[in-house]
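Reviewing the structure listed below.
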């Protein structure tokens, strides 16, 4: 079969490779001048640093098949994400752990003492948190919430934390030990030569043709037997019902001779600081050595039509609009919507790859059995 994939990021590359290996003819188009989507990495000409062009991507997973898959195309070096945050003229460790708690309160508590102490700080009158702020107040109390979460959240999402769902905070643990590894997955690492080289290797198959700087239109899909679309779901339908809401990021890039901040990620929790964090990219490749440094100040704002969409908002009005587009997608013939933009969901890289592998298998089974390929292999709602 002749198959068109829209987008040369992780979803398009993994699906394209699997279907090409099964003997199908694959064409992949992407509007950008490079493969990799927002995972794109490149060497900075001035410093030699491997830069995550669209912001940092740290690979972490418990999915052994996905870990083996990425390692079959690129060597992954060990990497632990140890995030720091600047608040109240001090630098603290995140996620909140025993060192953070003892430093913040100027105490020397043991784990059981700290657990009891934080429970005293928490607002126990909140039995069923209804929003982000209530969840934080019930979780850690007013002091830690104000110092580490409130300002950062306002900057990141552009709304009061009282307007955000409580579930957002459930992803941020409090640890009553000195473990400062931001993630808890079994497998964590960084591709030795960057994500773009890994994705180029995935795409390196005689059955795959890649066309960059090519903007997709629906008419392009007509000669193909099936289309896998990883662009914005609303964009496929030319924003007929309106635009789904996203947050986008602006990066203020600067270089520094030496070590600017001593870590890869420094958050700024106070609302008075306009950026959410500074990332120093040479620290994402700790096995390399560079005198110069490339840093990004990161600013979050509402996504405009010409911006790159990063984070789906998924509030009540967006979900109502999403339901309309899902209904339209389910009647679109011979197209499957995949990935972060195609399903309007925030996805980590390992989940994106897992869903791409599963989607490939579903498609191959549908070809074999004559079943209809669904518009979504994972429901967006």
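Per-structure values
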| item | result |
| --- | --- |
| Any hit, the stretch 47-65, residues being within 30 Å of residue 220 (Cα to Cα), assigned to a loop (DSSP other than H, G, I, E, B) and within 22 Å of the chain's Cα centre (by Cα) | yes |
| Lone unmet requirement of (1) in contact (Cβ under 8 Å) with a residue 60 or more places away in the chain; (2) exposed (fewer than 15 other Cβ atoms within 10 Å of the Cβ); (3) not assigned by TED's automatic domain parsing to the domain that holds residue 11 for residue 93 | (2) |
| Residue in the stretch 45-53 that is buried (at least 22 other Cβ atoms within 10 Å of the Cβ), within 18 Å of residue 232 (Cβ to Cβ) and at pLDDT 95 or above present | no |
| Criterion (assigned by TED's automatic domain parsing to the domain that holds residue 218 and free of Cβ contacts under 8 Å to residues at least 12 places away in the same chain) met by exactly one of 338, 326, 316 | 316 |
| Index of the failed condition, residue 193 passing every other in (1) at pLDDT below 95; (2) under 20 Å from the mean Cα position of the chain (by Cα); (3) part of a loop (DSSP other than H, G, I, E, B) | (1) |
| Hits in the stretch 278-296 - residues which are in contact (Cβ under 8 Å) with a residue 40 or more places away in the chain and either closer than 25 Å to residue 145 by Cα or in a loop (DSSP other than H, G, I, E, B) (or both) | 279, 285, 286, 287, 288, 290, 291 |
| Only listed residue being closer than 30 Å to residue 231 by Cα, more than 19 Å from the chain's Cα centre (by Cα) and outside the structural domain of residue 37 (by TED's automatic domain parsing), chosen from 265, 294 | 294 |
| Test set (1) at pLDDT below 95; (2) buried (at least 21 other Cβ atoms within 10 Å of the Cβ) - residue 316 fails condition number | (2) |
| Meets criteria (assigned to a helix (DSSP H, G or I), under 29 Å from residue 248 (Cβ atoms) and without any contact (Cβ under 8 Å) to a residue 12 or more places away in the chain) for residue 119 | no |
| Subset tally (residues that are surrounded by 18 or more Cβ atoms within 10 Å (Cβ to Cβ) and in contact with a strand residue (DSSP E or B) (Cβ under 6 Å, 6 or more places away or on another chain)) for the stretch 97-130 | 1 |
| Some residue of the stretch 210-223 being farther than 14 Å from residue 3 by Cα, touching a strand residue (DSSP E or B) at 6+ places or on another chain (Cβ under 7 Å) and assigned to a helix (DSSP H, G or I) | no |
| Residues of the stretch 247-276 that turn out to be assigned to a strand (DSSP E or B) and in contact with a helix residue (DSSP H, G or I) (Cβ under 9 Å, 6 or more places away or on another chain), as a count | 4 |
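Residue-wise test of (1) surrounded by 15 or more Cβ atoms within 10 Å (Cβ to Cβ); (2) farther than 20 Å from residue 302 by Cβ; (3) in the same structural domain as residue 66 (by TED's automatic domain parsing).
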site	(1), (2), (3)
132	yes, no, no
146	yes, yes, no
150	yes, no, no
162	no, no, no
180	yes, yes, no
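The values are calculated or read from the model by the stated rules, or taken from the named source; none is laboratory data. Quick caveat, the model's predicted, so the values are computed rather than measured. Positions of Cβ are backbone-derived with ideal geometry, glycine not excepted, and every protein chain shown enters the neighbour counts.
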